[in-house]
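Q: Structure below; questions to follow.
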Amino acid sequence: MNNVQDKHMSKKFDAKSTAQDVLADVDLKGKRFLVTGTSAGIGVETARALVSRGANVVGLVRDLAKAQAATASVLSLIHI
């Protein structure tokens, strides 16, 4: 493991920890993730947290219109 992984493996999280808490100091540039349920709730929040750390996220949904509305704020985090 590298130092970042070692640091996070020993860090304690609880029910009040956010995705940003868990991903703090983690660089996900060049990594790709597949997230299901990106039309609402935890799927959108997971995508948002991953994108904010530089990840490329592919989202799977059943309702494309609902997903487009839900992920508009996530798309605003992408710097092209």
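The values are calculated or read from the model by the stated rules, or taken from the named source; none is laboratory data. Everything numeric here is computed off the predicted structure, so don't read it as measured data. Here Cβ is always computed from backbone atoms with ideal geometry, including for glycine, and neighbour counts include all displayed protein chains.
Q: Can you find a residue that is modelled with pLDDT of 90 or more and under 12 Å from the mean Cα position of the chain (by Cα) anywhere in region 59-78?
A: Within region 59-78, one or more residues are modelled with pLDDT of 90 or more and under 12 Å from the mean Cα position of the chain (by Cα).
Q: Moving on. Taking the condition of being in contact with a helix residue (DSSP H, G or I) (Cβ under 8 Å, 6 or more places away or on another chain) and in a loop (DSSP other than H, G, I, E, B), how many residues in region 57-80 meet it?
A: 4
Q: Let me ask something additional. Considering only region 27-51, how many residues are within 18 Å of Leu77 (Cα to Cα) and either surrounded by fewer than 16 Cβ atoms within 10 Å (Cβ to Cβ) or charged (D, E, K, R) (or both)?
A: The number of residues fulfilling the criteria is 12.
Q: Suppose the filter is of a type in the set (Gly, Ala, Ser) and farther than 17 Å from Thr18 by Cα; does Ser73 pass it?
A: Yes: the conditions hold for Ser73.
Q: Another one. Here is a check on your reading of the model: is Val58 loosely packed, with under 13 Cβ neighbours inside 10 Å and touching a Lys or Arg at 6+ places or on another chain (Cβ under 8 Å)?
A: Spelling it out, Val58 is indeed loosely packed, with under 13 Cβ neighbours inside 10 Å and touching a Lys or Arg at 6+ places or on another chain (Cβ under 8 Å).
Q: Give region 36-52 a look and list any residue that's of a type in the set (A, V, I, L, M) and under 13 Å from Asp21 (Cα atoms), or say none.
A: Ala49, Leu50
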